[in-house]
Amino acid sequence: MAKTEKNKKIAALFSIMISIAFVFSVFSGCKKEPSLAEKTKTGAAGAQKIESAQQPMAQGAAEAKEEVYVYDPKGRVDPFVPLVETTKKEKDKKAIAGTLESYDVTDFKLIAIAERENKRYGLLLARDNKAYTVREGSVLGLHKGIVKEITPNKIVIFEYTKDYKGELKPRQVVLELFKGEGE
């Protein structure tokens with residue numbers, strides 16, 4: 001039993017020594033810098049050292065103020081401009097997708113004409129079985145045709161198309177109501 005008590009005392013002494021060594025090493029690395037007031041109290045020699053140390057810093061600060069950096073964007077990419085720009089035609093195509101202007105005029109089939117307050121409306125059916133309502137002045141078709149006239153049995157559309165030479169030629173398309181087989 002004497003050995004265990006002796007071992008306990010040695011272990012306690014050893015842990016105290018390690019704690020003291022740790023505390024000493026931590027606090028010995030910290031060195032307190034004397035303040036300006038303490039340095040001036042030490043004498044004129046200390047004050048002269050402080051003034052001489054401040055003079056080069058003041059000269060360096062003046063030089064730093066004179067040096068001005070000017071940004072030259074020449075040859076660099078502007079970070080606020082998109083890298084890929086869409087053209088106006090692409091924007092127009094995206095804007096009209098699924099509308100009357102995304103089909104050719106000949107792709108439409110006239111299925112009904114209605115009249116309300118002396119104004120006529122036509123119901124057009126596209127190839128993909130989507131129905132659209134038009135009136136006089138409506139724009140439709142890939143070539144931006146305009147509905148000029150709606151009669152009780154037909155719609156007249158006027159548009160300009162390019163021929164093989166690239167010249168614009170006027171074209172008139174008439175969409176008529178389907179009449180039954182017996183008529």
Point to revise | Near pairs, Cβ below 9 angstrom, 6+ apart or cross-chain, from the range 151-172 (without any contact (Cβ under 8 Å) to a residue 60 or more places away in the chain) to any residue that is loosely packed, with under 10 Cβ neighbours inside 10 Å | key: Asn153/Lys179; Phe158/Pro170; Glu159/Pro170; Tyr160/Pro170; Thr161/Pro170; Lys169/Asp163
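I'm checking my understanding of the structure. Among residues of the range 144-174 that are of a type in the set (Lys, Arg) and over 41 Å from the mean Cα position of the chain (by Cα), which one is nearest to Leu123 (Cα to Cα)?
Of the residues in the range 144-174, the ones of a type in the set (Lys, Arg) are 144, 148, 154, 162, 165, 169, 171.
Of the ones still in play, those that are also over 41 Å from the mean Cα position of the chain (by Cα) are 148, 154, 165, 169, 171.
Numbers: Lys148: 15, Lys154: 11, Lys165: 35, Lys169: 27, Arg171: 21 Å.
The selected residue is Lys154.
Which residues, taken from the range 142-168, are of a type in the set (Lys, Arg), at pLDDT below 90 and either under 20 Å from Tyr103 (Cα atoms) or surrounded by 11 or more Cβ atoms within 10 Å (Cβ to Cβ) (or both)?
From the range 142-168, those of a type in the set (Lys, Arg) are 144, 148, 154, 162, 165; that's our starting set.
Still in the list and also at pLDDT below 90: 144, 162, 165.
Lys144, Lys162, listed by residue number.
The values are calculated or read from the model by the stated rules, or taken from the named source; none is laboratory data. Computed from a predicted model, the values in this text were never measured in an experiment. Glycine gets a Cβ as well: all are built from the backbone with ideal geometry, and neighbour counts include every protein chain shown.
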